[in-house]
1. So if R0 is 35 Å, what FRET efficiency would residue 94 and residue 48 give, r being the distance between their Cβ atoms, rounded to the nearest 0.05?
2. Ranked from highest to lowest mean number of other Cβ atoms within 10 Å per residue, what is the order of the peptides 109-116, 39-46?
3. Fully extended, how many nm does the chain gain between residue 134 and residue 40 (0.36 nm per residue separation, minus their Cα-Cα distance)?
């Protein structure tokens, strides 16, 4: 090999070694920053836990509607996929008929879309749920 090629290869090796050291330094800095953030978060969490007591969640509280239900096998009967109970459906129909809440507000309360409430009120959905609980075959 020629002398200039040998020198060039040596220079490339030195450059690679320098870059490797810099990369290791960057990773160490990033790890130190992350560890610091984790420590601060844990300390803040401990402070907050000491200041307040957790509020109990009501059993009737529902998760907000986040979109279409996923993971239900194709061909599963709709009655097995239902999110609302028969009592919920009766309460929805009654509160809308009384004019207490809008369909949107009822949907937020029960964590279902407004369109579902509309179908329930118009009896296009949950058609098997009677207004009188005594007539309910599921009860």
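Values in this text are rule-based calculations from the coordinates and carry no lab data. This structure is a prediction, so every number in the text was calculated from the model and none was measured. Virtual Cβ from ideal backbone geometry, glycine too; neighbours counted across all protein chains shown.
1. The value I calculate is 0.30.
2. Result, highest mean Cβ count within 10 Å first: 109-116, 39-46.
3. Length gained between residue 134 and residue 40: 28.1 nm.
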